[in-house]
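Heads up, the thing below is written out as structure tokens.
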Amino acid sequence: MIQKNKSPAPLIVKDLKVYYPVRRGLFGKLQHVKALDGVSFEIAKGETFGVVGESGCGKSTLALAIAKLVKLTSGQIILDGEDISHYSASQMQPVRKKIQMIFQDPYASLNPRMTVRDIVAEPLIIHNVCKSSKEVDEKVIELLRQVGLDDYHANRYAHQFSGGQRQRIGIARSLALDPILVIADEPVSALDVSIQSQVLNLLSELKKHMHLTYLFIAHDLSVVEHISDRVGVMYLGEFVEVSDRDDLYNRPLHPYTQALLSAIPSIDPEEKKERIILEGNIPSPINAPSGCKFHPRCRHCMPICKELSPKKSVITDKHYVYCHLYTEKDKKE
Amino acid sequence: MTDRKNILEVKNLSTYFFTDNGVVRAVENLSFKLQEGSTLGIVGESGSGKSVTALSIMGLFKGTTGRVVEGEIIFEGKDLLKLSEEERRGIRGKDISMIFQEPMTSLNPVLKIGEQISEAIIEHQNVGKSEAMEQVVQILKDTGLPRVESIVNEYPFQLSGGQRQRVMIAMALVCRPKILIADEPTTALDVTIQAQILDLMRRLKERSGTSIIFITHSLGVVAEMCDEVLVMYCSRAMETGNVKDVFKDPLHPYTRGLMASIPKLGERVEELYTIPGNVPNPRFMPKGCKFAPRCSEAMDICHEEEPPFFDFGGGRTSRCWLCSNGREVK
Amino acid sequence: MEKTALMNQAESGDIRTPFSVFWKKFKKQKTGVVAAVFFVILVFVAIFCYQLAPYGINEYDYSSVMQPPSAKHWFGTDEFGRDLFSRVLCGTRISLSVGFLSVTIVAIVGSFIGLFSGYIGGWFDTIIMSLSDVLYAFPGLILAIAIVAILGPGLTNVVIAIIVFRIPIFARIVRGNTLNLKNSVYIQAARSLGASPARILFVHILPGALPSVIVQYSISISGSIMTSASLSFLGMGAKAPTPEWGLLLSNARIYIFTSLHYAMFPGLAIFLTVLCFNLLGDALRSALDPKLSEM
Amino acid sequence: MLRYLIKRILSAFGTMLLVSVVAFLFIRLIPGDPVRLMVGEDASYETVMNVTRKLGLDKPLITQYGIWMKGILQGDLGTSFRTGRPVLEEIAPRYGKTVRLALISISWSVILGMLMGVWSGTNVGKWQDYFGVTLTVAGQAVPAFWIGLLLIYVFGVRLKVLPVSGAKNWKALILPAFTMGTSMAATVTRFTRSSLLESLKEDYIRTARAKGLKERVVIWKHGFRNSLISVVTVIGMNFGAMLGGSVLIEEVFVYPGIGSFLVSSIGLRDYVVVQALILLLSAHYVFINVFVDIVYAILNPEIRFE
């Protein structure tokens, strides 16, 4: 995607940290869950930036942090040229029009006591963008059609819909205000295979028609590969590798990315790929390992990995990786 | 292909749930065979009846409204459905055992790991507590768990999801069952942990020769783990056959649709293939082929009459009128 | 598995409002329906008790004291020859009034305390919950007795006592609901849309907490009727000649060695009324509680 | 576990402190002049002043509380205004009787309730369950003082087999203990049944059955064991209602315990005694709840190992 100089990038995130304090018991030591431990990236207009990682890697916290639904510990979030990191709830209110979210669980993310019309109309009413309730109704019908639902669905309650249809309702709600950035947090992981592809296609189609920018968060690497222009791989609150899609999937550099990619079962029963099986479990974000957080599970672990957290190594201007294997190389060159 | 002995044969199995809101036909007229030492994958979307098939074989309907209403499940020459509850209990956990999808909730939170595994041994083998504990330690070591001696005295909440699933596997295999039914054993796990568990199951199977029924919604897992596959849709089998054959050349449009609609690594397309529409409401089932309303190749007959199975030899069958060139199975 | 049967009903004709779903479930419960019918009768009796009663409640007749039940006096007569049936009938109004008055106030005040305590959290929540802990630390009736001991006997003071010791119950229930809902995904969704705290509280959380408030309302009415009867029985509630059921039982105590009917009928009235509200509460709970999303 | 215990006990002491403030304020909250109410309308001004001074009501509130607390910690609960004897001496003999009654009531009702609950819960839809549920519903709605009166009529007046009042022998305890435990038995039955049904729906029950365990083992070792955790909490919560109920039951059966003492003291306006009894009953309730929490922690390994 070409970034025009005139309009600023929809989203720039700089060294974002979110720590949750935890205290075990009354006299327990105060510790921190480092859900996000220094994350930086930017998303260009019209781009889909995919974030992939396993449970506990902080990808959902990232979504909540950018939407300012959790308290930031430090770092900057610049939305459409506006630094919103320190905005209060009331300062955020008008800004919320610009960021919209699609949630993972289509059952939990819609209020069961509201009709589809009320759900989709909620953003319109909150931000008072329609002049009359007739206009609201028209807009709701338009949105429902856009996501492939019928007019008559508007009067029904969410509990009457299947998972895929509910996700469409959620998407309609997120598009009501023409947002600058749509954060989709695992939007298809709760759906069945045949419904998943419908929703993925719908998201691509909407992006094309409405010139949307997505932050797409998922644990499924094939889904992320399909939908994203650029991809960031997260592990324990940090990015380990960020690259444009083709380069990442053709030439994964970080040992973790390599292991993730090799762990995906292929649907070709004849394909015999070399599989990297990572030992052990994902460590708790409370007691993250020293140095490179991945080192206890890494096949290429070197002494330095236990000591020092790796710096960003720029491989190409679009592909960078946080791994000592590549900083070493830099030094030699 | 070599003809091995069938260790399990399911014939015309129908299982219904009698709910307050009417009868739910969860499994309808399902037949399949499991060959000794092989792995059969049952694949389908949620609500397709794959888990209920497993529960029917195990006979685990207590406390639900479910009941097998028809069919035979033949294991070692005996129809399990004709046995008394007491006789089936003797088979459960000993000859046929099962692992479940949710490792977080499938273990009893208030009992120690060692206790939970050893009670199965004590139930089925005539051994004492200490001997049972030795077996527990051995099987846990086989599953690759670290510090086994202390884990036996720990509670489930002290273990991670992957570790719990290893415990579940140990529990299921401890009595050396002839058949292991694995119901979505890796669905709740992360990709790298899934890889560990699949690898473990493959190794344990090589060693013990247990026949496995592997239930999953993931075609990739089937391709990786199974010899034979059974594709289910709307409580019915749609296609069966050898995994290589089915994945190379799927006969049923539903199988084809499923395979086409998942994003595949390395394959970059603008648009994914989609199967239109939703799974039909069980109470408003279409008249003919259950897939016809969503099928891009549906013909007039498909909406009128439900197709029978057409057999293509070597275990390959398809429930589709397009395959009527095969031999019709009654 | 059984859940899939309920999926995808958007295509089937009818619109299912939360109320229609509730009603469908409620209708299925026989005991609940019976209790609801009995409830309607109770309210009817409470309103028209003076018209329905065959005798005046303070119609003395010293020629027929302590008469067993007969065609003339269905429930017999008391020590002053008053018609027990009329007195028990009119007691309905007292018990229901005490129940509805006290619980309505408790429900409103307690729910709001719980709502704000749960939503605001922090020190406000800590203080409110510590206070409610203290009230909780007094065993049920003892607190009511203590309050009446301070304020002096009388029905008004009974109502006050019930209000004080039931507020923490409502506050806790609504607070628990609020905390759950506050962290639910759909509230998070509403926050991400920019909904104001007032909108989140009154459009999303309050309706979500309402089912448990309704259930608790019904159960609390039976509880407060029981408390008021107990206090009157101990001589701390209604004063003679009010035909309060507990007071009737208290008067009947000394006659238990000679005749059963005097103690029988007031107690039966308490029992059936409490039973009615308990069963109603149970039926409401099973119709409302399993989350509306799982319909 | 230790940390949990300490935390629980500390918070119980905190609650007790607040409870003591409430109990302390009790006399001070009585509208008008409590001393005047105690000594009676026709007592002289002199007497009123004397009593006021004796009770320390003329000092600042904080000082009063300090003196009162100090007394309590030294085992001095004050002096009964009516009898002139120390409150502690008045309470002690009655206290033992109430404890005995409460222990008998709670024992039979909890054991029977659990058995009935499991019996009912494992026979859902059959007559056993309808029987259990009907008894439960009735037991929770029936006023204890009414049941007491009916029992007196049947067993004392008609059959003449059991004493209807006093606490002379074990026979005299049967009717009050039965009455007192009714509601608790119903509550325990109900919660055992529902939480057993709840835990029988859990995945680990399916696992237990898949292991081929006997149904008896599945229900008691896996189902009941887990449901016990919530049943214990409910028992603790309802113990308070039972203590409160003891007032009614002791009244009905003229049982010489602290419950009937409380009622008569209120009638006699012996506020010092009332105050002491309120404090005592609440203290029991608070510390029984600590005990319940400990049992809860023992049953629940997740807390035990925290």
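Annotations
- Unique match (being open to solvent by less than 30 Å² (accessible area, probe 1.4 Å), under 27 Å from D:LEU228 (Cβ atoms) and over 24 Å from the mean Cα position of the chain (by Cα)) among B:ILE113, B:ILE122: B:ILE113
- First in segment A:283-294 and closer than 17 Å to B:THR192 by Cβ, second anywhere and of a type in the set (Phe, Trp, Tyr), Cβ under 8 Å, 6 or more apart: A:CYS292/A:TYR322; A:LYS293/A:TYR235; A:PHE294/A:TYR235; A:PHE294/A:TYR256
- Verdict on B:ALA182 being under 30 Å from B:GLY44 (Cβ atoms) and either open to solvent by 10 Å² or more (accessible area, probe 1.4 Å) or not β-branched (Val, Ile, Thr) (or both): yes
- Among the residues of segment A:38-76, those identified as touching a residue at least 60 places away in the same chain (Cβ under 8 Å), assigned to a loop (DSSP other than H, G, I, E, B) and not hydrophobic (A, V, I, L, M, F, W, C) are A:LYS45, A:GLY46, A:GLU47, A:GLY53, A:GLU54, A:SER55, A:GLY56, A:GLY58.
- Residue pairs whose Cβ atoms lie under 6 Å apart, separated by 6 or more positions or on different chains, with the first residue in segment D:78-107 and hydrophobic (A, V, I, L, M, F, W, C) and the second open to solvent by 30 Å² or more (accessible area, probe 1.4 Å), are D:VAL87/D:LEU77; D:LEU88/D:LEU77.
- Taking every residue in segment D:1-15 that is modelled with pLDDT under 85 and pairing it with any residue that is of a type in the set (Gly, Ala, Ser) and exposed (fewer than 14 other Cβ atoms within 10 Å of the Cβ), at least 6 positions away or on another chain, the pairs with Cβ-Cβ distances below 8 Å are D:ARG3/A:GLY25; D:ARG3/A:GLY28; D:TYR4/A:GLY25; D:LYS7/A:GLY25.
- Qualifying residue in segment A:151-173 (condition: assigned to a loop (DSSP other than H, G, I, E, B) and at positive phi): no
- When restricted to residues that are at the interface with another protein chain (Cβ under 8 Å from one of its Cβ atoms), open to solvent by less than 40 Å² (accessible area, probe 1.4 Å) and touching a Lys or Arg at 6+ places or on another chain (Cβ under 9 Å), segment B:58-72 contains 2.
- Checking D:ARG269 against (1) over 22 Å from D:SER183 (Cβ atoms); (2) at pLDDT 85 or above, the condition it does not meet: (2)
So that you can scan it fast, the table gives a plain yes or no per residue for (1) touching a residue at least 24 places away in the same chain (Cβ under 8 Å); (2) surrounded by fewer than 21 Cβ atoms within 10 Å (Cβ to Cβ):
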position: D:ARG193; (1), (2): yes, no
position: D:ARG206; (1), (2): no, no
position: D:LYS214; (1), (2): no, yes
position: D:LYS221; (1), (2): no, yes
position: D:ILE235; (1), (2): yes, no
position: D:GLY245; (1), (2): yes, no
position: D:PHE253; (1), (2): yes, no
position: D:SER264; (1), (2): no, yes
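- Leading residue by the ranking (nearest to the chain's Cα centre (by Cα)) among those in segment A:299-328 that are of a type in the set (D, E, K, R) and outside any strand (DSSP E or B): A:LYS318
- B:SER160 being small (Gly, Ala, Ser), within 10 Å of another protein chain (Cβ to nearest Cβ), farther than 24 Å from B:VAL222 by Cα and open to solvent by 10 Å² or more (accessible area, probe 1.4 Å): yes
- Among (1) surrounded by fewer than 19 Cβ atoms within 10 Å (Cβ to Cβ); (2) assigned to a loop (DSSP other than H, G, I, E, B); (3) within 14 Å of chain C (Cβ to nearest Cβ); (4) not small (Gly, Ala, Ser), the one test that A:ARG117 misses: (2)
- Residues of segment B:73-84 satisfying the condition of being in contact (Cβ under 8 Å) with a residue 24 or more places away in the chain and buried (at least 16 other Cβ atoms within 10 Å of the Cβ): B:ILE73, B:ILE74, B:PHE75
- Residue satisfying all of: in segment A:143-169; among the charged types (D, E, K, R) and surrounded by 14 or more Cβ atoms within 10 Å (Cβ to Cβ); nearest to the other protein chains (Cβ to nearest Cβ) among these: A:ARG156
- Of the strands (runs of 3 or more DSSP E) entirely within segment A:198-298, those holding at least 2 residues that are within 12 Å of chain B (Cβ to nearest Cβ), surrounded by 19 or more Cβ atoms within 10 Å (Cβ to Cβ) and not acidic (Asp, Glu) occupy A:230-235.
- Any hit, segment B:143-155, residues being out of contact with any His (no Cβ under 6 Å at 6 or more places or on another chain), of a type outside the set (Ser, Thr, Tyr) and within 13 Å of chain D (Cβ to nearest Cβ): yes
- Subset of segment B:87-106 [more than 7 Å from chain D (Cβ to nearest Cβ) and touching a residue at least 24 places away in the same chain (Cβ under 8 Å)]: B:ARG88, B:ASP95, B:ILE96, B:ILE99, B:GLN101, B:PRO103, B:MET104
- Every residue from segment B:278-316 that is at pLDDT below 90 and hydrophobic (A, V, I, L, M, F, W, C): B:VAL279, B:PHE284, B:MET285
- B:SER106 falls short on exactly one of the conditions (1) over 30 Å from D:ALA297 (Cβ atoms); (2) hydroxyl-bearing (Ser, Thr, Tyr); (3) not in a helix (DSSP H, G or I), and that condition is (1).
- B:PRO263 being free of Cβ contacts under 8 Å to residues at least 40 places away in the same chain, surrounded by fewer than 19 Cβ atoms within 10 Å (Cβ to Cβ) and within 11 Å of chain A (Cβ to nearest Cβ): no
- Residue check, D:SER183 within 23 Å of D:PRO301 (Cα to Cα), buried (at least 21 other Cβ atoms within 10 Å of the Cβ) and of a type in the set (S, T, N, Q): no
Each row is one residue, and each column tells you yes or no for (1) in a helix (DSSP H, G or I); (2) in contact with a helix residue (DSSP H, G or I) (Cβ under 6 Å, 6 or more places away or on another chain).
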{"residue": "D:MET16", "(1), (2)": "yes, yes"}
{"residue": "D:VAL21", "(1), (2)": "yes, no"}
{"residue": "D:PHE24", "(1), (2)": "yes, yes"}
{"residue": "D:PRO31", "(1), (2)": "no, no"}
{"residue": "D:GLU41", "(1), (2)": "no, no"}
{"residue": "D:THR47", "(1), (2)": "yes, yes"}
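- Any hit, segment A:120-136, residues being surrounded by fewer than 20 Cβ atoms within 10 Å (Cβ to Cβ) and in contact with a strand residue (DSSP E or B) (Cβ under 9 Å, 6 or more places away or on another chain): no
- Residue, farthest from the other protein chains (Cβ to nearest Cβ), within segment A:90-114, restricted to residues that are over 22 Å from the mean Cα position of the chain (by Cα) and open to solvent by 60 Å² or more (accessible area, probe 1.4 Å): A:GLN91
- Segment B:96-107, residues that are open to solvent by less than 60 Å² (accessible area, probe 1.4 Å) and either at pLDDT below 95 or under 16 Å from B:ARG166 (Cβ atoms) (or both): B:SER97, B:MET98, B:ILE99, B:PHE100, B:PRO103, B:THR105, B:SER106, B:LEU107
The rows are residues; the columns are (1) within 14 Å of chain B (Cβ to nearest Cβ); (2) modelled with pLDDT of 95 or more.
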| position | (1), (2) |
| --- | --- |
| D:ALA172 | no, no |
| D:SER183 | no, no |
| D:GLU198 | yes, no |
| D:HIS222 | yes, yes |
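The values are calculated or read from the model by the stated rules, or taken from the named source; none is laboratory data. Small disclaimer: the values here were computed from a predicted structure and weren't measured. No Cβ is skipped: glycine too gets one built from the backbone with ideal geometry, and neighbour counts run over all protein chains shown. With ligands, DNA and RNA removed, areas are computed over all heavy atoms of the protein, side chains included. Shrake-Rupley method; radii C 1.70, N 1.55, O 1.52, S 1.80 Å.
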